[in-house]
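*Asks:* Here it is, the structure, as structure tokens.
Coordinate-derived values only; no laboratory data. Just so it is clear, the structure is predicted and the values come from calculations on it, not from any experiment. Every residue, glycine as well, gets a Cβ built from its backbone with ideal geometry; the counts of neighbours run over all protein chains shown.
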Amino acid sequence: MDLLLAAFEVLARWDVVIALLVGSVGGVLIGAIPGVGPAVAIAILLPATFSMDPIVGLTVLLGIYGSSMYGGAIPAILINTPGTAVNALTTYDGYPMTARGEARRALSLAYSASFFGGVFSVICLILFAPVLAKVAPLFGSREIFLAALLGLILVVVAHRGQALIAAALACFGIFLNSVGLEPVKYTKRYTFDQSFLSSGVDLIVVVLGLFALSQAFVLLQGEDEKLRINKLRGGLFQGLRELGRHPRVASVSASFGVVMGMIPGVGEFTAQFLSYTYAQRTSKRPEDFGRGSSEGLIAAETANNAVPAAAMVPLLALGIPGEALTAMMLSVFYVHNVVPGPQLFQNQMDFVVALYLALLILNVMVLVFLLFATNSLIKVVKIPNRFLGVCILALSFVGVYSLRNSVTDCILAAVFGLFGFILKRLSLPIVPIILGMVLGGIMEVKLRAGMARVKEPFDFIDRPVAMIIFLMIIVVLIIHTRQVLRDRAVLKEKKWSAKHTSTNFAQHLSRRKNYLSTERGKKVRDKHLKYSPRSTERR
Amino acid sequence: MADTEEERRFVGPRRGQIVFALLFLGVSLFLLSQIGEQTKWMNKVKFAAQPRLWPAIGLGGMVLFSALHLWKLPRKRMVRDDWQEAKIWLVPLEFALWFLIYVWMTPIIGYLLSTILFTQVLVFRMGYRKRSYKIAGLGFAICVVVIFKSFLQVKIPGGAIYEYLPAALRNFLILNF
């Protein structure tokens, strides 16, 4: 109780209240505009939050992170275009509901499910916080190194079918982080004698380039789409009642969101996939999934909204971001000399709980805002793409230039913007680069510190937590290898069955010629000829 | 020609993948070849603290995984689509140039004026001729400057042209616009 009161004291400031308001409303707006997304918004706002108190800055960013998915459901349901990437699954059941004239019901259900997921996750984590505070100190340098490595591996293997290029891009992130003056021996690394590279490549510049500028380029290069959206009539409160009829799907999906959110590198997509599959398998009407099923919509929206609060756990408890958005937030901590990790959980528990409470309040504010303002919000969906591109480009300037008024930073950001544009055109993942940069830096520092007391390689994993994480890494690698081998076998089988040319007898013989020419081969052939002589042979 | 099973299973578009994979591998190989010159291996320093260790891990991984990615690509020869895609990659160069002109202009004519000019020119360049778009662009530019510079006080220097204004107005403009 004392902890809760202390946390409320941290939040009881007018600037935090404004941050909550700006974060929640801004997040919904950003989510509702297809083509912007929380990553772009957070990247742009990041430098502006550096001048704020950590709690104020983080509340704004968390607000955007947590509420963008609410807004993202609007275009997903109304025009079949997800506002944010994680709303893709919402289109499966949301849009068919709109098509049959139930847009209001779908939106109402999506808001209610999102609200339930968000609140469930925050309550779980507030209750779970004391346990985390006990577990976090068990993480020393070696454990944090291994956890960061596990996070990086999970991010790579999560990109199914693209794991190789995801690994290459994660390594690119590790390389980028190593550029500049190395902090221990002060030697230069890959500076090519250029003074601007001595201080290294700034994470914010890379983030702004890869997320914001590249998105602006994508929008400016594309075409505007013409949209027609009908005005919604009636109230949006019925979703809360309908959600009450599916408590099992909602709570299981929210639990998936909490668990998957806590694992670095996994996140919303896996949580959604698992909860959607669960809901479909246990539903009495599985055939409705993908055709406007309310259970499908609840599963998708509950799971993705349960993730943001849970994703803060590895960041706050271990200092390890699990995905790009929390990686960006890490820089806010660093700027204010607040080092997230076991010490933060032990010494500033009120700060941690205050962040969770902020998320809780935020969910309530967003729901209230959406229930009354959806009709006005629909208009932002109609902003033309290229006009949006102009806006993002102008906003990106604030983000990059305000860092240190450096033209070189802007040039670098433009270069990364072009690189991000190419990656987006090819549907290649961007997140591994950011996580490679952040986790690479953490791994370098922690490995150096952890190896100081290690004499033999096994000493590195001789503590229980280190051993558990090490075993988890091995298990993840084994599962991934098995999956790759299975995919290969399926591919081989498919290729064989889809083969157009028949394999004739001569081809078979040609393949086996080495065997047939041996003594044993000749003998076997003679034996076969004896029992089944050729029809052309004289008897 | 019908798609092969590998092509069907490939995640994302196939056009341009070979060009990207070759470029990425080429750059990675070049950077790795420079490791001896660009990093140092220190004597009497533990392996984990060697300055060369992490660039080597990063670049080694880039070369290894991009080579494997290239090897696993469903199509390993260039076709016309690949070149056309590579040409599209050059399109945003124009927008990057506009962005850099905006960066260059800001310390000279000030944040407010440069933002208004930038949005108006780009709105025109994108083909929006209606008055409503021009007004929306103008409103957006003013809002951005007021929110970020006047309200949030982000660090953007005042324009050089403000020096020609009377002292009181100059200070006000430098601080807020």
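*Asks:* Quick check: the distance between the Cα centres of segment B:95-151 and segment A:247-305, to the nearest angstrom?
*Replies:* 43
*Asks:* Based on the Cα gyration tensor of segment A:2-453, what are the three equivalent ellipsoid semi-axes, each the root of five times an eigenvalue, rounded to whole Å and given largest first?
*Replies:* Each semi-axis is the square root of five times an eigenvalue, giving 34, 26, 21 Å.
*Asks:* For peptide A:479-491, compute the average count of partner chain beta-carbon atoms within 10 Å of each residue's beta-carbon.
*Replies:* Averaged over the peptide's residues, the number is 1.
*Asks:* Here's a follow-up. For chain B, set up a GNM with springs between Cα atoms under 10 Å and report which of B:Met62, B:Met78, B:Met42 has the largest fluctuation.
*Replies:* B:Met42
*Asks:* Still on this structure: Sequence neighbours fewer than 8 away in the same chain don't count; with that in mind, list the lysines whose C-alpha is under 22 Å from B:Lys44.
*Replies:* Output for B:Lys44: A:Lys185, A:Lys188, A:Lys446, A:Lys455.
*Asks:* Could you state the angle between the C-alpha long axis of helix A:349-381 and the longest principal axis of the C-alpha atoms of chain A, as a value from 0 to 90 degrees rounded to the nearest 10?
*Replies:* Orientation of helix A:349-381: about 80 degrees from the principal axis.
*Asks:* Where does the charge balance sit around A:Tyr111 when Lys and Arg score +1, Asp and Glu -1, over other residues with C-beta under 15 Å from its C-beta?
*Replies:* -1
*Asks:* Would you order A:Ile55, A:Ile469, A:Ile474 from fewest to most other beta-carbon atoms within 10 Å of each residue's own beta-carbon? If you can, show how the numbers build up before the last one.
*Replies:* On the way: A:Ile55 19, A:Ile469 22, A:Ile474 10.
Sorted ascending by nearby Cβ count, the order is A:Ile474, A:Ile55, A:Ile469.
*Asks:* Okay, moving on. Modelling each spin label as a point 7 Å along the Cα-to-Cβ direction, I'd like the B:Arg77/A:Thr277 distance in nm, to one decimal.
*Replies:* So the label points at B:Arg77 and A:Thr277 sit 4.0 nm apart.
*Asks:* Treating the angle as unsigned and between 0 and 90°, give the value, to the nearest 10°, between the Cα long axis of helix A:37-49 and the longest Cα principal axis of chain A.
*Replies:* 40
*Asks:* Run the quick spin-label model on B:Ile108 and B:Ile88: label points 7 Å from Cα toward the beta carbon, then report their separation in nm to one decimal.
*Replies:* Each label point is offset 7 Å from its Cα along the Cβ direction, giving 3.5 nm.
*Asks:* Summing Lys, Arg as +1 and Asp, Glu as -1, what charge do residues with Cβ under 15 Å from the Cβ of A:Leu357 carry, A:Leu357 excluded? Write down the numbers at each step before the final one.
*Replies:* On the way: positive: A:Arg13; negative: A:Asp2, A:Glu9, A:Asp350.
Its environment carries a net charge of -2.
*Asks:* Report, in whole Å, the centroid distance computed from the Cα atoms of segment A:427-477 and segment A:95-162.
*Replies:* Here the two parts' Cα centres lie 22 Å apart.
*Asks:* Just from its helices, what would the mean residue ellipticity at 222 nm be for chain A, if runs of 4 or more DSSP H residues each count -39500 (n - 2.57) and the sum is divided by every residue, rounded to the nearest 500 deg cm²/dmol?
*Replies:* -24000 deg cm²/dmol
*Asks:* Give me the percent relative contact order of segment B:5-88, please, defined on Cα pairs under 8 angstrom at least 6 residues apart.
*Replies:* Numbers: 59 pairs, mean separation 40.9, N = 84.
This gives 49 percent for segment B:5-88.
*Asks:* Excluding residues on the same chain fewer than 8 positions from A:Lys513, give the lysines whose Cα lies under 25 Å from its Cα.
*Replies:* Leaving aside lysines fewer than 8 places away in the same chain, those within reach of A:Lys513 are A:Lys492, A:Lys495, A:Lys499, A:Lys522, A:Lys523, A:Lys527, A:Lys530.
*Asks:* Hey, how many Å between the Cα centroid of segment A:54-80 and the Cα centroid of segment B:154-177?
*Replies:* 36
*Asks:* Taking Cα atoms, how many degrees apart are the long axis of helix B:111-125 and the longest axis of chain B, rounded to 10 and kept between 0 and 90?
*Replies:* The angle comes out at about 60 degrees.
*Asks:* Expressed in nm², what is the orientationally averaged projection area of the convex hull enclosing the Cα positions of segment B:92-176? Numbers along the way, then the final one.
*Replies:* Numbers: hull surface 23.9 nm².
Over every viewing direction, the Cα hull of segment B:92-176 projects on average to 6.0 nm².
*Asks:* Follow-up. How would A:Leu11, B:Leu122, B:Leu64 line up from fewest to most surrounding beta-carbon atoms within 10 angstrom?
*Replies:* Lowest count first: B:Leu64, A:Leu11, B:Leu122.
*Asks:* Of the cross-linked pairs A:Lys382/B:Lys134; B:Lys87/B:Lys134; A:Lys494/B:Lys76; A:Lys134/B:Lys46, which ones have a Cα-Cα span greater than 27 Å in the structure shown?
*Replies:* Those over the limit are B:Lys87/B:Lys134; A:Lys134/B:Lys46.
*Asks:* Using only the Cα atoms of segment A:282-354, construct the convex hull and provide its projected area averaged over every direction, in square nanometres to one decimal.
*Replies:* 6.7
*Asks:* Skipping prolines and chain starts, which residues have an amide H placed within reach, meaning under 5 Å, of the one on A:Arg189, given they are 5 or more residues away or on another chain?
*Replies:* Distant-sequence amide H within range of A:Arg189: A:Gly180, A:Leu181, A:Glu182.
*Asks:* When the helices in chain B are scored as -39500 (n - 2.57) per DSSP H run of 4 or longer and the sum is shared across all residues, what 222 nm value do you end up with, to the nearest 500 deg cm²/dmol? Show your work: numbers first, answer last.
*Replies:* On the way: 9 runs with 113 residues, N = 177.
Counting only the DSSP helices, I get -20000 deg cm²/dmol.
*Asks:* As an exercise, use a Förster radius of 60 Å and the Cβ-Cβ distance of A:Ser376 and A:Lys455 to find the FRET efficiency, rounded to the nearest 0.05.
*Replies:* My answer for the efficiency is 0.35.
*Asks:* For chain B, calculate the relative contact order in percent as a whole number, restricting contacts to Cα pairs under 8 Å that are 6 or more residues apart.
*Replies:* It rounds to 19 percent for chain B.
*Asks:* Just want to confirm a number: the relative contact order over chain A, from Cα pairs under 8 angstrom separated by 6+ residues, in percent.
*Replies:* In percent, rounded to a whole number, it is 26.
*Asks:* Distance in nm between label sites at B:Trp41 and A:Lys499, each 7 Å beyond Cα in the beta-carbon direction?
*Replies:* Going from the B:Trp41 label point to the A:Lys499 one covers 4.9 nm.
*Asks:* Then there's this: Net charge around B:Arg8, counting only other residues with Cβ within less than 11 Å of its Cβ (Lys, Arg = +1; Asp, Glu = -1)?
*Replies:* 0
*Asks:* Quick one: order A:Ile468, A:Ile126 by neighbouring beta-carbon count within 10 Å, fewest to most.
*Replies:* Lowest count first: A:Ile468, A:Ile126.
*Asks:* Can you give the average number of partner chain beta-carbon atoms within 10 Å of each beta-carbon in peptide A:384-393, as a whole number?
*Replies:* Across A:384-393, the average partner-chain Cβ count within 10 Å equals 6.
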